[in-house]
Amino acid sequence: MPDDTEQRPYKVYRSAPRGLLARLRGEEDVVGPYGPDGPSGDGGPGGGGGRGPRWPWRRHRLPGEPRPKVTPLRVRKWIVVAIVSWVLLSLVLFMISAETKAGNLPSGAESQLSGGGPILTSANTVLILGLDNRPTTGVDSKEGGGANTSERDANTDTIMLWRIGGGVSRRLSIPRDTLVDIPGLGDAKINAAWSYGGPALALKVIKQFTGLQVNHLIVVDLANFPKFIDDIGGVTVHTGRICSNISGGAAEGGFTLNLRPGSHHLSGEQAMVLARTRENSCDPAYNDLNREATQQQILNGIKSQLFSVHAFLHLPWAAWDAPGVIQTDMGGLSLLQLFLASEIGGSAPVSLLNETGSTYNGADVLIPNMANVHAQAQKLLTGN
C-alpha cells in the first residue's frame, strides 16, 4: 500500500502577468478558491508547505465573503475603459466608412493634384468644392422640377482653399461669381468651370487664378450634409438678420429661414439653407461675400461642436456618416489625419478676397483685384 503521508509530485504552474484591461478591471494576480497559495500554502491544491506560484486564473469569492468595495478609483478606471472603447469603436467605424462610403472623384481630377506630405505633420493645400446640383432624395431634394440633379452639369456653389497640417489651419474662400478667364470658354464666372470642363478644368482654373498648387480635393455632397450636422447635435453660428427663401420658400417646396441678429444653434437643414443663402430680403447689401464668410463660420462651428457632450454620445453615428458627405482622393488614414490636424491647428479665421461688384454680359459678377488675390494666396501659404 502506498504511504498516504508521501508527498505526491504535483505540477506547478506560474501565472502570466495581468494585462492592462485586467488591471483596470481591478483583477488580482492571486487566484484559486483558497487564496494565493492553495489550500496548503504551496500554490496548488495538494499542499506541501511554503509559498509557491499562484494559480493562473481569477480568485473566486468564498461563501459569505463580502464583495469588493466600489471605490472612486475603480469607478474612474471603468469610466476610462468605457471612453477608450467608445472612441476606438468610432475610429473603426470611421475607417470602414471611409473605405466604403466616401465617393471617388470624377475622372480627370487627380491629374491636377500635387502629392503632399502626411497631413498631420506637414502643411497641405486642400480644395473644398460644393456643387449646386440637387439630390433626388433627402432633405435637399424638395425643390421644384427645375432644379439641376446632374453632377456633371453642376456649377461650383462653394470654393474654399484650406491650408492644413503641421499645426497650421488657414482658409481662403473664392466667391462663385468671381470673373476669370476659363480656357475654351473665355471670361466667365469661376463657378462655370466645372460644368464646362469637369473637375480637372475647375482645378486648373483655380490654380491659375491663385498661383497655388493643390494637394487634395474634397467635393461636398449636400444630400448628406444635414444628416451629419444633426448627428453631432447641430451647429452654432452668429448672424445678422436673415430672411431667406430659396426656390420659392417652404410654401413652394423650397426652403425658408428667418433669423434674428445674434447667435443661433441650427439644425442640419437650417445650416444647409444658411450656407446656400445668397439673397437676404432683410438686408439688401447681403451678397456672395457674406455667404462665403457664413460658410466658413459653419465649418468652424462644426469643428467646435465635435467636442460637445451630444457629439461624443453620438460619436459612432457621426463617424460612420462623415465620410459619406464627401468625394475625395484621400483614404481613411489621410482623412483621420485631416481631422486631427484641424483640431491641432485651431479655428481658422474668416478670409475673403477683396472684389468689386459689376456686371458682365448682363450677369452680376465680382471683379477681382489681382494684387489682393496674390497677397491673400501668399498669406494662405505662409501665414504672412
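Derivation of every value follows stated rules applied to the coordinates shown; laboratory data play no part. From a predicted model like this one, the values you see are computed outputs, not experimental measurements. Note that each Cβ is placed from the backbone with ideal geometry, even for glycine, and that neighbours are counted across all protein chains shown.
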Taking 25 Å as the cut-off for C-alpha to C-alpha distance, list the pairs among Lys101/Lys204; Lys189/Lys227; Lys204/Lys379; Lys77/Lys303 that go past it.
Lys101/Lys204; Lys189/Lys227; Lys77/Lys303
Listed highest first by mean packing, meaning other Cβ atoms within 10 Å per residue, what order do 369-375, 207-213 come in?
207-213, 369-375
Which peptide among 63-76, 315-328, 239-252 comes first, and what is the full order, when sorted by highest mean count of other Cβ atoms within 10 Å?
315-328, 239-252, 63-76
Most exposed first by the Cβ proxy, i.e. fewest other Cβ within 10 Å, how do Ser111, Ser304, Ser173, Ser334 rank?
Ser111, Ser304, Ser334, Ser173
So what's the gap between the Cα centers of segment 64-106 and segment 257-310, to the nearest angstrom?
33
Apply the Karplus curve 6.51 cos²θ - 1.76 cosθ + 1.60, θ = phi - 60°, to the phi angles in segment 370-384 and return the couplings in whole Hz, x for Gly and Pro.
5, 4, 5, 4, 5, 5, 5, 5, 5, 5, 4, 6, 10, x, 10
Which residues qualify? For Gly166, with a placed amide H closer than 5 Å and at least 5 residues away or on another chain, they are Thr121, Ser122
How much length is gained on full extension from Glu99 to Val80, taking 0.36 nm per residue of separation minus their Cα-Cα distance?
3.9 nm
